[in-house]
Amino acid sequence: MKFNRSSKECLEPESCFCPLHYPAFEEPHHGLLTKHWSNGNRRYELNFKNGKQHGESKSWYFNGNLKQMRNWVNGEVDGLWTEWYENGNKESKGVYKEGKLVGNYTTYYENGNKQYEGNSDFTINRLGKQNGLTTTWYESGQKKSELMWENGKIIESSRKTWDE
C-alpha cells in the first residue's frame with residue numbers, strides 16, 4: 001500500500017484503509033465520512049468529532065464483505081477491534097483502551113480456525129517483557145503449543161507442545 005501522508009491521499013486506492021486515509025479538511029471534520037468502491041459497495045464509514053475519529057468505524061472489501069470494525073474515542077482506538085478475511089471469516093479480534101491493546105487477543109487462520117490466543121493485558125508488561133499464557137494452533141484446528149511467560153522468559157515447566 002502506498003500512501004502520501006502530506007496530502008492524505010492513497011496512491012493505491014483498492015488497498016487503502018487507515019484512519020489517515022481520508023481527505024485533508026480545511027476545518028476539523030465533524031460527523032460521518034463515507035466512501036464507496038467503484039462498484040458502489042461501501043468502502044469505509046468513519047465518524048469524527050472535532051477533527052478526530054470518534055465512534056464506530058467500519059471498512060469493507062471490494063466484494064462487500066466487512067473488513068474491519070473499530071471504535072474510537074477522541075482519536076484513539078477504544079473498544080472492540082475486529083478484522084475479517086475477504087472470504088468473511090474472522091481474522092483477528094482484540095480490545096483496546098486508550099489506544100492500547102488490553103485483554104484477550106485472538107488471531108485466526110483464513111479457514112476460520114484459531115491461530116493464536118493470548119491475554120494481551122499481560123502480554124507485554126511495563127518493562128516491555130512478555131507475561132502470561134499464549135496458545136497456538138495448527139491450521140487444522142489441533143492445538144500446537146501453550147507457553148507461560150514471565151518477565152520475557154518462557155517458564156520451561158509450563159511448555160506444552162502437540163504434534164499435528
- If you go through the stretch 85-102 one residue at a time, do you hit one that is part of a strand (DSSP E or B), more than 24 Å from Tyr44 (Cβ to Cβ), at pLDDT below 85 and under 20 Å from the mean Cα position of the chain (by Cα)? yes
- State which residue is surrounded by the fewest Cβ atoms within 10 Å (Cβ to Cβ) when the search covers only the stretch 61-70 and only residues that are among the hydrophobic types (A, V, I, L, M, F, W, C) and within 15 Å of Ser92 (Cα to Cα). Leu66
- Query: Does Thr34 satisfy the criteria of being in a strand (DSSP E or B), without any contact (Cβ under 8 Å) to a residue 24 or more places away in the chain and either farther than 27 Å from Tyr105 by Cβ or of a type in the set (Phe, Trp, Tyr) (or both)?
  - Reply: yes
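I'd like to know if the stretch 113-135 contains one or more residues that are modelled with pLDDT of 90 or more, assigned to a loop (DSSP other than H, G, I, E, B) and not β-branched (Val, Ile, Thr).
Scanning the stretch 113-135, I find at least one residue that is modelled with pLDDT of 90 or more, assigned to a loop (DSSP other than H, G, I, E, B) and not β-branched (Val, Ile, Thr), so the answer is yes.
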- Query: Hey, does the stretch 50-68 have a residue that's closer than 25 Å to Thr136 by Cα and either among the acidic types (Asp, Glu) or touching a Gly at 6+ places or on another chain (Cβ under 8 Å) (or both)?
  - Reply: no
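The values are calculated or read from the model by the stated rules, or taken from the named source; none is laboratory data. Small disclaimer: the values here were computed from a predicted structure and weren't measured. Glycine gets a Cβ as well: all are built from the backbone with ideal geometry, and neighbour counts include every protein chain shown.
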